[in-house]
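Data first, discussion second: the structure below is written as structure tokens.
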Amino acid sequence: MAKDTNDILAQDAHLIQSFADLNALKQQGARTVISRAKGAYVYDSEGNELIDGIGGLWCVNIGHGNEEMVSAISNQLQTLDFYSTFYNFTHPAAAALAEKIAQLAPGHLNAVYFGNSGSVANDSAIRMLHHYNIRKGKPNKKLVLSRHGAYHGSTHLAMAMTTPGYSEGWHAASELVHHLRSPHHWREGGEMTEVEFLDALIDDLKQSIERIGAENICAFIAEPIQGAGGVVTAPAGYHKRAWEICQANDIKYVADEVVTAFGRLGHFFASEDVFGMVPDIITTAKGLTSGYQPLSATIVSDDIHEVISGPDGMFLHGMTYSGHPAAAAAGLTNIDIMEREGIPERVQTTGKQFENNLRGLMDIELVGEVRGSHFMMGIEFVKDRATKASHPAEAQVGLKVARACQKRGLIARPLGNVLILSPTLIMDAPMIDQIESTLRDAITEVAAGL
């Protein structure tokens, strides 16, 4: 492999990056080569040290370069490099990880299907529910309720469940999905109090079910905190009330915990511990292996599993690498490290320190809202705080702040007028203070130039 930056970038001309302006990446200096990583830091090909403020992509929860993880993956490959979980086959690592996830998952979620991404986990959840309803004699019960501002993945169905803005210029399976109102009170609530806005959101859910017909709806899918839609936290009590309505209408609740699970909010799973309800399905990925191997899990209730595993049927769904031995070994070791080191419990303190430090940035006029929880935060920039007027897209405020951060040694993720922070979960107080200071300087610099 090439080591010189120019040589790497010459080779990179053949790579199609994800969620990128591919034309802009053709310009000089547009791309950053990350060549190595350790702990909470990554290093570019020019040797610059950068705090990984986005945790790889919401995922490197235990930090980079953990030697125990590397050894576990290597040892597994030496023992069993690959075998599938198709037909009648299984292997020790997949079986052990499935059992461990079932032990950690709340309530009656005891059956696990492995995939290789959050998109696949969410696709799998809906495919399984379609099969479940067909077996129950309800073939028309196949539509999905999602929300504006949601992000559930980029496969054809997962993208349809994602907020429509992500499908601009693309096709998606939109005929299967109805989008409910965004739960973003600050942007969408108008003059309503948070309690009034919560009632309005629940009314929208009820009216949508009545209009579409509960007999046609298989699932309501929701992230506990919306991630790539801008880090939006719904009003307190929203998820529990939505779950109650789903239960009353025989609609399965799918909690997309691809980001929130495995410690990011201070718990292995957030649905019950943070939001007070046990969904019918939890999907997860990212922090499941801390990004060391691609792996996702669709965790389903006993009720669903009993129906899809009953007699006179076939589970006609699967991917070659579902439950890959190396990925399963990574998942087991990742969970062991998190339990042994008490990482979720530690995040209950350090995550709140991070959240509170970032909320202190509200004293900068460019900052309209700081939102999120623990190590899952978003900062929205506005032209006018009183009116909440946004900067035009061409101003690229989020991108300018991200570049100013990177110049100062911090990677942050721009999303229009929002800057997203989702660092590793091993941050200590001095590093948290350093991130806040870097953000403050970067935002102040950009504000002065607008």
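Amide H contacts for residue 415 (H built 1.01 Å from N in the peptide plane; partners 5 or more residues away or on another chain; cut-off under 5 Å): 420. Evaluating 6.51 cos²θ - 1.76 cosθ + 1.60 at θ = phi - 60° for every residue in the stretch 54-71, the Karplus couplings come out as 10, x, x, 6, 6, 10, 7, 5, 8, x, 7, x, 6, 5, 5, 5, 4, 5 Hz, glycine and proline recorded as x.
Please report the net charge: other residues with Cβ closer than 13 Å to the Cβ of residue 335, K and R +1, D and E -1.
On the way: positive: 100, 340; negative: 68, 99, 336, 339, 341.
Within the 13 Å Cβ shell, the charges total -3.
Using the Cβ of residue 108 as centre and a radius below 9 Å, the other residues enclosed give a net charge of -3, where K and R count +1 and D and E count -1.
Calculate how many DSSP beta bridges within the chain are antiparallel, expressed in % of all such bridges and rounded to the nearest 5. Can you show the working numbers first?
Numbers: 34 of 50 bridges.
Percent antiparallel among DSSP bridges in the chain is about 70.
When only Cα pairs below 8 angstrom with a gap of at least 6 residues are kept, the stretch 303-385 shows a relative contact order of 18 percent. Note that the stretch 355-363 has calculated 3J(HN,Hα) couplings of 4, 5, 4, 5, 5, x, 6, 5, 7 Hz, one per residue in order, obtained from phi through the Karplus relation 6.51 cos²θ - 1.76 cosθ + 1.60 (θ = phi - 60°); glycine and proline are x. If you wrap the stretch 1-117 in the convex hull of its Cα atoms and look at it from every side, the mean projected area works out to 10.9 nm². For the stretch 80-232, the alpha carbon positions stretch 59, 38, 35 Å along the principal axes, listed from largest to smallest.
Could you point to the residue in 73, 125, 106 farthest towards the positive end of the stretch 63-199's charge dipole, with +1 and -1 charges on the Cβ of Lys/Arg and Asp/Glu respectively? So the residue we want is 125.
Other residues with beta-carbon under 13 Å from the beta-carbon of residue 133 carry, at +1 per Lys or Arg and -1 per Asp or Glu, a net charge of +3.
Could you calculate the contour length gain from residue 429 to residue 138, that is, 0.36 nm times the residue separation minus the distance between their Cα atoms, to one decimal place in nm? Write out the running numbers ahead of the final one.
Details: separation 291, 0.36 × 291 = 104.76 nm, distance 5.35 nm.
Taking residue 429 through residue 138 to full extension adds about 99.4 nm, to one decimal.
Extending 7 Å from Cα along the Cβ direction at residue 87 and again at residue 3 yields two label points whose distance is 4.7 nm. Measuring from centroid to centroid over Cα atoms, what is the spacing of the stretch 375-434 and the stretch 158-183 in Å? Each part reduced to its Cα centre gives a spacing of 25 Å. Taking label points 7 Å from Cα along the Cα-to-Cβ direction, residue 193 and residue 173 give a separation of 4.2 nm.
Taking the Cα centre of the stretch 214-259 as origin and charging only Cβ (+1 Lys, Arg; -1 Asp, Glu), how large is the dipole, in debye to the nearest 20? Don't jump to the answer; show the numbers that get you there.
Details: 3 positive and 6 negative charges, 28 e Å.
Computed about the Cα centre, the dipole is about 140 debye.
Taking amide H positions as modeled 1.01 Å from N, with prolines and chain starts lacking one, the residues under 5 Å from residue 41 and 5 or more places away or on another chain are 52, 64.
Springs between Cα atoms under 10 Å define the GNM used for the chain, and in it the highest mean-square fluctuation of 272, 365, 175 occurs at 175.
When the dipole is taken about the Cα centre of the chain, and only Lys, Arg (+1) and Asp, Glu (-1) are charged at their Cβ, what size is it in debye, to the nearest 20? Don't jump to the answer; show the numbers that get you there.
Numbers: 36 positive and 52 negative charges, 115 e Å.
That gives the chain a dipole magnitude of about 560 debye.
Along the stretch 136-146 the Karplus relation, 6.51 cos²θ - 1.76 cosθ + 1.60 evaluated at θ = phi - 60°, assigns HN-Hα couplings of 8, x, 10, x, 7, 8, 9, 7, 10, 9, 10 Hz to successive residues, with x for each Gly and Pro.
Rule-based calculations on the coordinates, nothing more; no lab input. None of the values given here were measured: they were computed from a predicted structure. For neighbour counting, all protein chains shown are included, and Cβ atoms are generated from backbone atoms with ideal geometry for every residue, glycine included.
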